[in-house]
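Derivation of every value follows stated rules applied to the coordinates shown; laboratory data play no part. This one's a predicted model, so the numbers in the text were calculated from it and none came from an experiment. Quick reminder, even Gly has a Cβ in these numbers, built from the backbone with ideal geometry, and neighbours come from all protein chains shown.
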Amino acid sequence: MPELPEVEVTRRRIAPHLVGRRLRAVRTTRPSYFFVTPPARLRRALAGRTALGLDRRGKYLVLRLDDGARLVLHLGMTGQLFAAGASSLRLLSATARATLSPERQLAFRPDAHTHLRFVFADEGPEVYLRDTRKFGKVLWLAPGEEHERLTRLGADALDVDGARLFRATRGRRVAIKSLLLDQAVIAGVGNIYADEALFLAGVRPGRSAARVTRRESDAIAQGLRRVLLRSIETGGSSISDYVAPDGRDGEYQSERRVYARRGEPCFTCATPIARVVVGARGTHYCPRCQR
Ligand SMILES: [Zn+2]
């Protein structure tokens, strides 16, 4: 599942292929649950428009258009957003669990899973959104229109600071880890990143959020930024379940300190890493380093 870092990496890589180019047409597959906005309406709304920018909100990509409308994309579990004929393998292996190998993307022809196909007035490379399992979503918002998928999101995980996190924890009896995963509080934190950040902060995942101190809130916010930024730096692969189609990226997962390391020695104190379930999610921590 693409997490915030993979989505951010996709945003940075695909933005130059989308921003500033005028759309001649957008081709879609037939109506399905993939399209929150009916495809016929999408095609009408997007033809002739130019993208002014590509933003990210949590795990959503938001394409800002020159008429004030916005196109919102979610990659789901298997969504891939890529440009035709792009030559860099890393550019092409844009998201986690990619189902199309880089070699096959190079010679890619739009297929039944290519739900969006951006065709540009400059007749340059097309951009595709392909999703074999269709857990992704596409949504068009008229100028000024809002949608709960975006408005319900809390602050972006990369923008969260200790003060904000501390305020959010007051009076909350849920486990601190569950609070970090609540997208209405912080947008974009996935299971692995929550465990890793809590390790860096020395805070046990199961501790009540209300019992986290201001100082610890600073450390957790800092830990989140550190693991997310490091993952973005390495192409979204340092720590997540990301495996490139050619399998080469698995090596980066050695940067994990606790996640999926049950029973292995803590890198700091050699105590075996413990696994518990917090909020129905597998959770890893060091019983000695985290309090
Ligand atoms: Zn330890």
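Observations
- The range 51-86 residues near the modelled Asp111 label - backbone nitrogen below 20 Å, point 7 Å along Cα→Cβ: 75-86
- Helix-only arithmetic for the chain: the sum of -39500 (n - 2.57) across DSSP H runs with n ≥ 4, divided by the residue total, places the mean residue ellipticity at 222 nm at -8000 deg cm²/dmol.
- Panel order for Leu4, Leu52, Leu150, by other beta carbons found within 10 Å of each beta carbon, from fewest to most: Leu52, Leu150, Leu4.
- Axis angle, to the nearest 10 degrees, between helix 4-18 and the longest C-alpha principal axis of the chain: 20 degrees.
- Using C-alpha pairs below 8 Å separated by at least 6 residues, the relative contact order for the chain is 18 percent.
- Inter-part distance where the range 162-177 and the range 42-59 are each reduced to a Cα centre, Å: 35 Å
- Between the alpha-carbon centres of the range 178-212 and the range 142-160 there is a gap of 20 Å.
- With the convex hull of its Cα atoms as the shape, the chain has an orientation-averaged projected area of 15.0 nm².
- Sites Arg226 and Ser32, calculated FRET efficiency, Cβ-Cβ separation with R0 30 Å, nearest 0.05: 0.15
- Among Arg291, Arg64, the ranking by other beta carbons within 10 Å of each residue's beta carbon, starting with the fewest, stands as Arg291, Arg64.
- Here the Kirkwood formula puts the hydrodynamic radius of the range 1-46 at 12.7 Å, using every distinct Cα pair.
- The Kirkwood hydrodynamic radius of the range 169-217, based on inverse pair distances between different Cα atoms, is 10.6 Å.
- Computed over the Cα atoms of the range 100-237, the ratio of the radius of gyration to the Kirkwood radius (Rg/Rh) comes to 1.10.
- Dipole size of the chain about its Cα centre, with +1 on Lys/Arg Cβ and -1 on Asp/Glu Cβ: approximately 800 debye, rounded to the nearest 20.
- Rounded to the nearest 10 degrees, the inclination of helix 214-233 to the longest alpha-carbon principal axis of the chain is 40 degrees.
- Between helix 191-201 and the chain: long-axis angle, C-alpha atoms, 0 to 90°, nearest 10: 40 degrees
- Cβ-based exposure ranking for Ser32, Ser217, in which fewest neighbours within 10 Å come first: Ser32, Ser217
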